[in-house]
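Everything on this sheet refers to the single structure shown next.
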Amino acid sequence: MSEQLIKSTIAYVKEVFATDFSGHDCFHTMRVYKMATNIAMKENADLQLVQLAALLHDVDDRKLSPKTCENKDRAVAFMRGQGLCEETIAQVKDIIGEVSFMGTDSVVPKTLEGKCVQDADRLDALGAMGIARAFAYGGNHNRIMYDPEMKPALNMSKEEYQNHVSTTVNHFYEKLFLLKDMMNTESSKAIAEHRERYMKDYIDEFMDEWEGLK
Ligand code: ADP
Ligand code: NI
């Protein structure tokens with residue numbers, strides 16, 4: 001991807017997320033961009049497609065921009081403005097459409113490039129970053145951290161998952177601990193394993209402290 005195109009895309013993403021309070025921010029996008037680049041190089045994927053899709057993957061997110069989510073209008077308009085060819089635009093649009101976690105309705109991306117971007121986005125929900133994001137999201141949505149009476153709901157469909165209200169600790173079981181086994185590439189699996197171990201150790205500590213044991 002040309003230096004100039006990267007610069008313009010980053011500037012665009014910063015502008016889009018400047019006014020967002022839905023829990024997405026441009027730093028998440030930048031981490032996904034860096035991780036997707038790292039995975040794509042190891043997997044020999046097409047870097048331009050991966051980098052463009054990673055940078056634009058959340059600009060039409062359902063929570064951030066419900067009206068443009070279906071057809072990825074903002075990402076498409078941006079790419080047209082940059083003079084990219086229709087084939088590239090269609091490929092990036094497809095990749096973005098496949099990224100989201102939707103419970104048991106999540107899809108496996110058709111292309112290697114889509115797999116790299118989906119893995120990078122999901123890795124950002126794991127590890128130290130994942131813990132921080134989960135509690136930040138919970139606080140932002142007025143959710144309590146934990147309630148031992150509320151049990152996690154497993155095997156949720158897209159609709160159930162999107163309408164489900166729960167605690168932040170339950171989110172670890174309802175989404176985060178499912179991600180490791182959903183990784184598409186070998187490079188991502190190794191990273192996911194490390195990040196999940198770290199989170200599981202964190203939850204063990206959390207439970208011990210909850211009971212006043214440590
Ligand atoms: P993205 O589209 O970037 O993958 P989401 O919009 O699904 O992510 O979520 C943003 C972040 O907030 C992720 O780290 C996710 O794990 C976290 N999150 C989403 N839903 C919840 C929830 N119900 N409780 C706690 N954290 C959540
Ligand atoms: Ni994302």
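The values are calculated or read from the model by the stated rules, or taken from the named source; none is laboratory data. Keep in mind that this is a model prediction, so the values were computed, not measured. Please note: Cβ atoms are built from the backbone with ideal geometry, for glycine as well, and neighbour counts cover all protein chains shown. Surface areas here come from the heavy atoms of the whole protein model, side chains and all, with no ligands, DNA or RNA. Shrake-Rupley method; radii C 1.70, N 1.55, O 1.52, S 1.80 Å.
So, for the range 1-138, what is the accessible surface per residue at a probe of 1.4 Å, expressed in square angstrom? Write down the numbers at each step before the final one.
Values: 6290 Å² over 138 residues.
Accessible surface, normalised per residue, equals 46 Å².
Take every Cα-Cα pair in the range 66-180 and report what % of them are more than 22 Å apart. Before the final figure, lay out each step's value.
Working: 2896 of 6555 pairs.
Pairs farther apart than 22 Å: 44 percent.
Label-point separation (nm) for residue 151 and residue 204, each offset 7 Å from Cα along Cα-to-Cβ?
2.4
If R0 is 25 Å, what FRET efficiency do you get for residue 137 and residue 11 from their C-beta distance, rounded to 0.05?
On the way: r = 26 Å, r/R0 = 1.05.
Plugging the Cβ-Cβ distance into 1/(1 + (r/R0)^6) gives 0.45.
How large, in percent, is the carbon and sulfur part of the accessible surface of the chain at a probe radius of 1.4 Å?
Numbers: 5730 of 11200 Å².
Using a 1.4 Å probe with all protein chains present, the chain comes out at 51 percent carbon and sulfur.
How large is log10 of I(q)/I(0) for the range 141-202 at q = 0.13, 0.20 Å⁻¹ when the intensity is taken from the Debye formula with one equal scatterer per alpha-carbon?
Each listed q corresponds, in turn, to -0.41, -0.86.
For the range 115-165, would you read off the P(r) tail past 19 Å as a percentage of all alpha carbon pairs? Intermediate results must be reported in sequence, preceding the final value.
Working: 585 of 1275 pairs.
That fraction is 46 percent.
With the Cα gyration tensor of the range 1-86 in hand, give its eigenvalues times 5 under a square root as the equivalent ellipsoid semi-axes, listed largest first in whole angstrom.
Numbers: eigenvalues 83, 48, 29 Å².
Each semi-axis is the square root of five times an eigenvalue, giving 20, 15, 12 Å.
Might you tell me the accessible area per residue for the range 156-207, computed with a 1.4 Å probe and given in Å²?
On the way: 2720 Å² over 52 residues.
Solvent-accessible surface per residue comes out at 52 Å².
Quick check on the range 66-113: what are the equivalent-ellipsoid semi-axes from the Cα gyration tensor, as sqrt(5λ), descending, whole Å?
Working: eigenvalues 95, 40, 6 Å².
One finds semi-axes of 22, 14, 6 Å for the range 66-113.
Note down, for the range 40-129, the three equivalent ellipsoid semi-axes (square root of 5 times each alpha carbon gyration tensor eigenvalue), biggest first, whole angstrom. Don't skip to the answer; put the middle values down first.
On the way: eigenvalues 79, 60, 27 Å².
That gives 20, 17, 12 Å for the three semi-axes.
Taking a temperature of 25 °C and a viscosity of 0.890 mPa s, what whole-number D in µm²/s does Stokes-Einstein yield for the chain with Rh from Kirkwood over alpha carbon pairs? Kindly include the intermediate steps, with their values, before the conclusion.
Numbers: Rh = 18.0 Å.
The diffusion coefficient I find is 137 µm²/s.
Taking just the C-alpha trace of the range 1-50, give me its Rg and Dmax in Å.
Rg, Dmax (Cα atoms, Å): 12.1, 35.
Compute the relative contact order of the chain as a whole-number percentage, counting only Cα pairs closer than 8 Å that sit 6 or more residues apart in sequence. List each step's numbers first, then the result.
Details: 242 pairs, mean separation 40.2, N = 214.
Worked out over the chain, it gives 19 percent.
Using only alpha carbon pairs under 8 Å that are at least six residues apart, calculate the relative contact order of the range 69-194 and give it in whole percent. Intermediate results must be reported in sequence, preceding the final value.
Numbers: 114 pairs, mean separation 30.8, N = 126.
Here the relative contact order equals 24 percent.
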